[in-house]
Amino acid sequence: MIYEMRTYMVKMGSVRAAEAAFERALPGRIKLSPLAAFWHSEIGQLNQIIHVWPYESQAHREQIRAAAGKVEGWPPALQEFLVEQKTEIFMPAPFSPPLVPAQLGSLVEMRRYTIRPGGIPTLIKNWSERIEKRAKLSPFIAGWYSEVGPLNQWLHIWAYQDYAERERIRAEAMKDGSWPPPMGDLLVKAENSILIPASFSPIR
């Protein structure tokens, strides 16, 4: 399984309109393959909409995207809103849960780490020893590493009911020293975003 994450920067003040245009175009597209999630940024880089698509393989992705080009009304009419577009392909770590429709929380935290070259296998080993306990505290949506796009990226994505719950759970996770997993010299850079699910997002 691979996951394509498409991030679109839209003009200031146009997030809601862009989401609405996407929602109108979606019914024809999801007949070919499912949308996993759709979010917009609330904290971090603003004016972003993010949509995530699962595929069985790169070949499956290419097949579906070729077929999608023939779907009436797809891609969405976003041209008037778009400033920048980016696509990335991620591979799930062995402990990453499948992306299935679920109501998990009203906000999503996406943490992106740039890892030193060659460090992803060590990171996955360290995380595999501790993720089960951490995932009992709040929904763990994904743990992915980059395959296409900027390399040596590690994404972990969590759901919370609200900001207060996020603060409480993060404090609880760290109080006994078992979280976060040891990073040593693996971590080069860390970024963080708070995202809000769209009303039509399968994960929300």
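Counting other Cβ atoms within 10 Å of each Cβ, which trypsin sites (Lys or Arg not before Pro) in the stretch 159-189 have at most 15 and sit in a DSSP loop?
Qualifying residues, ordered by number: 175.
Measuring from a point 7 Å past the Cα of residue 133 along Cα-to-C-beta, which residues in the stretch 160-178 have an amide N at less than 20 Å?
Counting only backbone N, you get 167-178.
Sum up the charges of everything whose Cβ sits under 14 Å from the Cβ of residue 106, counting Lys and Arg as +1 and Asp and Glu as -1, but leave residue 106 out.
-2
What does the charge add up to near residue 5, with Lys and Arg as +1, Asp and Glu as -1, over the other residues with Cβ less than 13 Å from its Cβ?
Once positives and negatives cancel, what remains is +1.
By how many degrees, between 0 and 90 and to the nearest 10, does the Cα long axis of helix 58-68 differ from the longest principal axis of the chain?
30
Taking R0 as 41 Å, what's the FRET efficiency between residue 161 and residue 84 from their Cβ-Cβ distance, rounded to 0.05? Don't skip to the answer; put the middle values down first.
Numbers: r = 31 Å, r/R0 = 0.76.
So, using R0 = 41 Å, E works out to roughly 0.85.
Which angle between 0 and 90 degrees, to the nearest 10, do you get for helix 15-29 versus the longest principal axis of the chain when only C-alpha atoms count?
Helix 15-29 sits roughly 70 degrees off the main axis of the chain.
Search the structure for amide H atoms under 5 Å from the amide H of residue 152, placed 1.01 Å from N in the peptide plane, and list their residues when 5 or more places away or on another chain.
Counting only residues 5 or more places away or on other chains, the set is 146.
Below 8 Å between Cα atoms, with a sequence gap of 6+, how large is the relative contact order for the chain in percent? Walk me through the numbers before you get to the answer.
Working: 399 pairs, mean separation 61.7, N = 204.
Averaging sequence separation for qualifying contacts and normalising by length gives 30 percent for the chain.
If the only charges are +1 at each Lys and Arg Cβ and -1 at each Asp and Glu Cβ, what is the size of the charge dipole of the stretch 125-178 around the Cα centre, to the nearest 20 debye?
So the dipole magnitude of the stretch 125-178 works out to roughly 140 debye.
Relative to the Cα centre, what is the charge dipole magnitude of the stretch 2-197, using +1 at the beta carbon of each Lys and Arg, -1 at the beta carbon of each Asp and Glu, and rounding to the nearest 20 debye?
It works out to roughly 120 debye.
In straight Cα distance, which lysines are under 17 Å from residue 70, not counting same-chain residues fewer than 8 positions off?
Those lysines meeting the cut-off are 31.
Under a crude label model (7 Å from the Cα following the beta-carbon direction), how far is residue 1 from residue 59 in nanometres?
It is 2.0 nm.
Kindly list the residues of the stretch 174-204 that lie in the label zone of residue 71, defined by a backbone N under 18 Å from the point 7 Å along the Cα-to-C-beta vector.
Answer for the stretch 174-204: 198-203.
Give the calculated FRET efficiency between residue 190 and residue 100 to the nearest 0.05, with a Förster radius of 25 Å applied to their Cβ-Cβ distance. Intermediate values should be presented prior to the final figure.
Working: r = 28 Å, r/R0 = 1.12.
That pair, residue 190 with residue 100, gives E of 0.35.
Values quoted throughout were computed directly from the atomic coordinates according to the rules given, and no laboratory measurement underlies them. Just so you know, these numbers come straight off a predicted model, no measurement behind them. Note that we place each Cβ from the backbone using ideal geometry, even for glycine, and neighbour counts take in every protein chain shown.
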